[in-house]
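The values are calculated or read from the model by the stated rules, or taken from the named source; none is laboratory data. None of these values were measured; they are calculated from a predicted model. All Cβ positions, glycine included, derive from the backbone under ideal geometry; neighbour counts span all protein chains shown.
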Amino acid sequence: MTSVVEFPKQSSNSSSSSSLPSAYQGGKDGISINANFDSGNILIENVDQQSNVIIANLRLRSEPFTEGTDKRCHAQWFYFRSSQIKDRTIHYRIVNAGESSYPTGWKNYKTCASYDRENWFRIQKTDYDETKGVLEWKHSSAQDTVWFAYFAPYTYERHQQLIANSAMSPLCSLRVLGLTLDLHPIDYLIVGEGPKKIWVNARVHPGESMAEWFMEGLIGALLDETNEAGQLLRQQATIHMVPNMNPDGTVRGHLRTNAAGANLNREWCSTGEYKAPSLERSPEVFHVLNQVKLVGCDAYVDVHGDEEIEANFFADCAGCPNWSPRLKNLFDQFSDAYCEVSKDFQRGKGYGSDEPGKANLAIVRKYSIFLYINGHSL
Ligand SMILES: [Zn+2]
């Protein structure tokens, strides 16, 4: 029998935030702000409805404390709705944006908005006051309700649909590798019959919703029988995919951690401060890593988004014990090939390379190369 491990759903860097509500109801005809849904995150400090322009002072809800390299409570992702606002102008202010995980990411940032949760647009007049640490925008709504988010959300409900669509395909098989701390299934898709073993996982950081949008595109291409590239890949490789490594963080509206506050991109091996991965703090990594060791691995792609770098790029595995001229050459060829087929891809901006022997192997892309050198015998 499995029991639920309880972790505080709301915690904060400052005690003043922890007691704030995630909903505001301003009377019968007043503005209604709410974040109590799948992937929602916002706290309401106060709402001033006295003047023509309603002012809503909001706060990012922080995640549980993260040990190890992070040593902080993360916050950056937000997703909430605002209702009873048609023809009204609201001034939204996220007053603790300066205390977020990547405050420099707010520079030139434009809030995402949607009236139907399918089509998302940017609020061009989003401003970040670096001195006050406040992210703000004014919005005059054409509809009664609008949703705002850090980026177009990929909710857990949409993940369910992705799994349903995939499981219905004769080209795909679905397995559940285990359970998360919130008892969500760790979904694992297998496509293709070729000899090469390719792993693709996404969203160890749940606030990087673009990573699962990427997976939806990849899975769609692989399961489209008329897609020639997908067909070729299925013949040459078996593709093992975990489209959402962090369902708990997704549901809870986290940027970077799971239900226990673990950064799943620092859990792929023990680095001294704590044992990793473990069923107690990182069952997602524990179960996926066991399966990688069982199946073997010829290539590993770990899909992320980035808060600060406005570009699409690959990050290399330099600094790992077995990084070699041959692997660097393969990496360069892969990157160049990607640039050729996608105008959105580039090699100029990125993370740079670690010095020899300096890579942190608790990071998935660094650890995956370690699996490769050990072949399929692990
Ligand atoms: Zn990430």
Can SER278 be described as assigned by TED's automatic domain parsing to the domain that holds TRP199, more than 16 Å from the ligand (Cβ to nearest atom) and polar (S, T, N, Q)?
-> yes
Return only the number of the condition from (1) in contact with a Ser or Thr (Cβ under 7 Å, 6 or more places away or on another chain); (2) at pLDDT below 95 that SER140 does not satisfy.
-> (2)
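Residues are listed down the side, and each one gets a yes or a no for (1) surrounded by fewer than 15 Cβ atoms within 10 Å (Cβ to Cβ); (2) within 28 Å of ALA260 (Cα to Cα):
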{"position": "ILE54", "(1), (2)": "no, no"}
{"position": "GLU67", "(1), (2)": "no, yes"}
{"position": "SER82", "(1), (2)": "no, no"}
{"position": "TYR128", "(1), (2)": "no, no"}
{"position": "SER140", "(1), (2)": "yes, no"}
{"position": "TYR156", "(1), (2)": "no, yes"}
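Residue-by-condition table, conditions (1) part of a loop (DSSP other than H, G, I, E, B); (2) in contact with a strand residue (DSSP E or B) (Cβ under 7 Å, 6 or more places away or on another chain); (3) at pLDDT 95 or above; (4) not basic (Lys, Arg):
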| site | (1), (2), (3), (4) |
| --- | --- |
| MET1 | yes, no, no, yes |
| VAL4 | yes, no, no, yes |
| ASN13 | yes, yes, no, yes |
| SER16 | no, no, no, yes |
| GLY27 | yes, no, no, yes |
| ASN36 | yes, yes, yes, yes |
| THR69 | yes, no, no, yes |
| TRP77 | yes, yes, yes, yes |
Just a yes or no: is a residue in region 314-322 of a type outside the set (Phe, Trp, Tyr) and touching a Pro at 6+ places or on another chain (Cβ under 8 Å)?
-> yes
Find the residue count for region 248-265, including only residues that are under 16 Å from GLN161 (Cα atoms) and crowded, with 23+ Cβ neighbours inside 10 Å.
-> 1
Just give me the residues in region 84-107 being within 15 Å of GLU136 (Cβ to Cβ), touching a residue at least 60 places away in the same chain (Cβ under 8 Å) and surrounded by fewer than 17 Cβ atoms within 10 Å (Cβ to Cβ), in sequence order.
-> none
Only one of GLU284, GLU267 is assigned to a helix (DSSP H, G or I) and within 16 Å of the ligand (Cβ to nearest atom); which?
-> GLU284
Residue in region 179-234 that is surrounded by the most Cβ atoms within 10 Å (Cβ to Cβ), counting only those that are without any contact (Cβ under 8 Å) to a residue 24 or more places away in the chain and of a type in the set (S, T, N, Q) | GLN231
Residue list for region 175-217, filter: in a strand (DSSP E or B) and within 16 Å of the ligand (Cβ to nearest atom) | VAL200, ASN201, ALA202
